[in-house]
1. Could you list all residues from segment 70-95 that are part of a loop (DSSP other than H, G, I, E, B), surrounded by 14 or more Cβ atoms within 10 Å (Cβ to Cβ) and in contact (Cβ under 8 Å) with a residue 24 or more places away in the chain?
2. Determine if segment 111-131 includes at least one residue that is in a helix (DSSP H, G or I) and in contact with a helix residue (DSSP H, G or I) (Cβ under 6 Å, 6 or more places away or on another chain).
3. Hey, can you tell me all the residues within segment 117-140 that are modelled with pLDDT under 75 and exposed (fewer than 11 other Cβ atoms within 10 Å of the Cβ)?
4. So, residue 39, is that one in contact with a strand residue (DSSP E or B) (Cβ under 7 Å, 6 or more places away or on another chain), assigned to a helix (DSSP H, G or I) and on the phi < 0 side of the Ramachandran plot or not?
5. Filter segment 48-69 down to the residues that are surrounded by 16 or more Cβ atoms within 10 Å (Cβ to Cβ), within 18 Å of residue 107 (Cβ to Cβ) and under 14 Å from the mean Cα position of the chain (by Cα), then identify the one that is modelled with the lowest pLDDT.
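The values are calculated or read from the model by the stated rules, or taken from the named source; none is laboratory data. Keep in mind that this is a model prediction, so the values were computed, not measured. As a convention, Cβ positions derive from the backbone with ideal geometry for all residues, glycine included, and neighbour counts pool all protein chains shown.
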């Protein structure tokens, strides 16, 4: 950037979490930035030890996208972001990062349990341990 060129905002802060400004991503391959570690530090006490309960490492969580979650530039200042729903800068309801991350971890855990159970049943069917029940009313 040259002194005469306008400054380009590379990162935004939404309710204490940092994201790339261009795409709203916490982890952005296009902008070569990953803010998850810094963001995790801001909420680590609230998250506690999620891995103990969910088998989930906070460092491995899915990155968030501020824009997808409703962040828009506030009208009164370029540096502030508000939610679309309440029009509140750094809305603690819409941008409750701890709750969002916990909910996503629980959904991933539930999905993993479902998939594990499905795979186990499939293996049992294939090995002959379980047999498929005939459909009632079907002729042989």
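1. Scanning segment 70-95 gives 70, 90, 91, 94, 95.
2. No, segment 111-131 contains no residue that is in a helix (DSSP H, G or I) and in contact with a helix residue (DSSP H, G or I) (Cβ under 6 Å, 6 or more places away or on another chain).
3. Selection gives 129, 131, 132, 133, 134, 135, 136, 137, 138, 139, 140.
4. Yes, satisfied.
5. Residue satisfying both the conditions and the ranking: 56.
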